[in-house]
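A.B. asks: Before we start, here is the structure in question, set down as structure tokens.
Each reported figure results from applying straightforward, stated rules to the coordinates on display, with no laboratory input. Just so we're clear, the structure is a prediction, and the values are computed from it rather than from any experiment. So basically every Cβ, Gly included, is an ideal-geometry build from the backbone, and we count neighbours across all protein chains shown.
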Amino acid sequence: MKRFRRRHKLMGCSFELGVVADSESEAMRILEDGIREIQRIEHLLTEFREDSTISKINLNAGIKPVEVEPEVLQLLHRSQQISNLSDGYFDITMGALKQLYQFKNKEVAFPNKKRISNTLKHVGYSHLQLDAKNNTALLTQKEMRISLAAIGKGYAADVVRQKWKNYEIPGGYIDASGDLTAFGTDEKGEAWKIGIANPDNQDQTLFHIPLNHASVATSGDYEQHFMFQGIRYSHNINPKTGFPVTGVKSVSVFSPSAELSDALATAVYSMGPQKGMSFLNQLPHTHGIIVNAQNKVFFSKQLQYEAVPS
């Protein structure tokens, strides 16, 4: 058995797809199937094409319901459930807030509080109305915008993993710029392992975690952030306040689902270390690692990990 890989730019980030197979021809067929599936999902969920389902919902905000595909409706419904579970710290209707900020890793002007306050009026998952009978979605207020950036890649990874399980292969993985979901075993017959990177040095691994039929998503400020008055702010925005999060460098969440890990990593990042870790410890089959601004590391209960010597 050998491991075969394909790298591809998908959903705005770099994906690496890998499978364990007997032959290269079999592996390439399976990998290509995965890439096509992610491209299909990207076409549905992107905000940056006017003909996508999500763009149609955004364009008709405050105007009329939009008919959507059943799988998109179900994803929107699960997003609302995660919003309820996380007390609103995860919210896909934050698109208008995200447009206020430019995250270019340099000093920028901060939006004034009045503008942030006004924009917050156009945020709130309860203002997304879903009609399962007619397969429609409606944003009830104009200027509202949905963004599935914090859950879409995880959903796509889950779909591909489920498709691949129908093939007779020992295992495989989908890696979306460090967010990893895996099943089965690697080419040596061993459990897949994920390395948790040092948020200050992405080339250095802090911990190894076994990833057996599970997923991990990491939310951090190392790729997108900005400086304001000497303080480093994340690209993650707190939906409660409308301000970017500070005081946290990275959050990694492990769960059986890539979609859930993706969304919860965003929510926990906004909650902060104490509240976030307390939240994770209440969830079944879910674990996390949080690194705060002072590089203190917080672990959830019963998380199995291996520290990497520095």
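A.B. asks: Which cross-chain or sequence-distant (5 or more) residues have an amide H under 5 Å from the amide H of GLN99, H modelled 1.01 Å from N in plane?
C.D. replies: none
A.B. asks: Then there's this: Given LYS56/LYS114; LYS98/LYS240; LYS121/LYS249; LYS114/LYS249, which pairs have Cα atoms separated by over 19 Å? Walk me through the numbers before you get to the answer.
C.D. replies: On the way: LYS56/LYS114 29 Å; LYS98/LYS240 13 Å; LYS121/LYS249 28 Å; LYS114/LYS249 28 Å.
Violating the 19 Å limit, Cα to Cα: LYS56/LYS114; LYS121/LYS249; LYS114/LYS249.
A.B. asks: Rounded, prolate or oblate: pick one for segment 266-310, where a ≥ b ≥ c are the square roots of the eigenvalues of its C-alpha gyration tensor, a/c under 1.5 means rounded, and failing that, prolate if a/b is larger than b/c, else oblate. Before the final figure, lay out the partial values.
C.D. replies: Details: a/c = 2.55, a/b = 1.19, b/c = 2.15.
Taking the square roots of the gyration eigenvalues as a ≥ b ≥ c, segment 266-310 is oblate.
A.B. asks: Using the 10 angstrom Cβ neighbour count as an exposure proxy, how do TYR167, TYR233 rank, fewest first?
C.D. replies: Values: TYR167 14, TYR233 22.
Lowest to highest Cβ neighbour count: TYR167, TYR233.
A.B. asks: If you don't mind, there's one more thing I want to ask. Quick check on the exposure proxy: order ILE63, ILE116 from fewest to most C-beta atoms within 10 angstrom.
C.D. replies: Details: ILE63 10, ILE116 17.
Least to most surrounded, the residues fall as ILE63, ILE116.
A.B. asks: For GLN99 and GLN202 in the same chain, what is the full-extension length gain: residue separation times 0.36 nm, less their Cα-Cα distance, in nm? Walk me through the numbers before you get to the answer.
C.D. replies: On the way: separation 103, 0.36 × 103 = 37.08 nm, distance 2.73 nm.
Using 0.36 nm per residue and subtracting the Cα-Cα distance, I get 34.3 nm.
A.B. asks: Would you tally the net charge around VAL253, using a Cβ to Cβ cut-off of less than 12 Å, leaving VAL253 out, and scoring K and R as +1, D and E as -1? Mind showing how you got there, number by number?
C.D. replies: Details: positive: none; negative: ASP179, GLU259, ASP262.
Within the 12 Å Cβ shell, the charges total -3.
A.B. asks: How much length would be gained if the chain were fully extended between GLU190 and ARG5, taking 0.36 nm per residue of separation minus their Cα-Cα distance, in nm to one decimal? Working shown, then result.
C.D. replies: Working: separation 185, 0.36 × 185 = 66.60 nm, distance 1.76 nm.
Between GLU190 and ARG5, full extension yields 64.8 nm more.
A.B. asks: Once you have a ≥ b ≥ c as the square roots of the Cα gyration tensor eigenvalues for segment 191-243, tell me rounded if a/c is under 1.5, and otherwise prolate or oblate according to whether a/b is larger than b/c. Numbers along the way, then the final one.
C.D. replies: Numbers: a/c = 4.69, a/b = 1.83, b/c = 2.56.
Oblate, because a/c is 1.5 or more while a/b does not exceed b/c.
A.B. asks: Now for a different question. With each run of n ≥ 4 DSSP H residues scored as -39500 (n - 2.57), what mean residue ellipticity at 222 nm is computed for the chain after dividing by its residue count and rounding to the nearest 500 deg cm²/dmol? Intermediate values should be presented prior to the final figure.
C.D. replies: Details: 8 runs with 92 residues, N = 310.
So the helix-based figure for the chain works out to -9000 deg cm²/dmol.
A.B. asks: Then there's this: Decide, for segment 123-263, between rounded, prolate and oblate: order the square roots of the alpha carbon gyration tensor eigenvalues as a ≥ b ≥ c, take rounded if a/c falls under 1.5, and otherwise choose prolate if a/b is larger than b/c, else oblate.
C.D. replies: Working: a/c = 3.37, a/b = 1.19, b/c = 2.83.
Because a/c hits 1.5 or more and a/b fails to exceed b/c, segment 123-263 counts as oblate.
A.B. asks: Which of these values of percent of Cα pairs over 38 Å apart was calculated from the structure shown: (i) 6; (ii) 18; (iii) 13?
C.D. replies: After the calculation, the listed value that fits is (iii).
A.B. asks: Efficiency by 1/(1 + (r/R0)^6): what FRET value for GLU69 and GLU143, r their Cβ-Cβ distance, R0 = 22 Å, to the nearest 0.05? Walk me through the numbers on the way to the answer.
C.D. replies: Numbers: r = 25 Å, r/R0 = 1.12.
Rounded to the nearest 0.05, the efficiency is 0.35.
A.B. asks: Among SER83, SER117, rank each residue by its count of other Cβ atoms within 10 Å, from fewest to most, as a rough exposure measure.
C.D. replies: Working: SER83 22, SER117 12.
Arranged by neighbour count, lowest to highest, SER83, SER117 become SER117, SER83.
A.B. asks: A further question on this structure: In whole percent, what relative contact order does segment 4-78 give with Cα contacts below 8 Å and a gap of six or more residues?
C.D. replies: Values: 66 pairs, mean separation 13.8, N = 75.
Once divided by the residue count of segment 4-78, the mean separation gives 18 percent.
A.B. asks: First measure r as the distance between the Cβ atoms of LEU283 and ASP33, then evaluate 1/(1 + (r/R0)^6) with R0 = 30 Å and state the FRET efficiency to the nearest 0.05.
C.D. replies: On the way: r = 32 Å, r/R0 = 1.07.
It comes out at approximately 0.40.
A.B. asks: First obtain the Kirkwood hydrodynamic radius of segment 240-288 from its Cα pairs, then insert it into the Stokes-Einstein equation at 4 °C and 1.567 mPa s, and state the resulting D in µm² per second as a whole number.
C.D. replies: Numbers: Rh = 11.1 Å.
For these conditions, the coefficient is 117 µm²/s.
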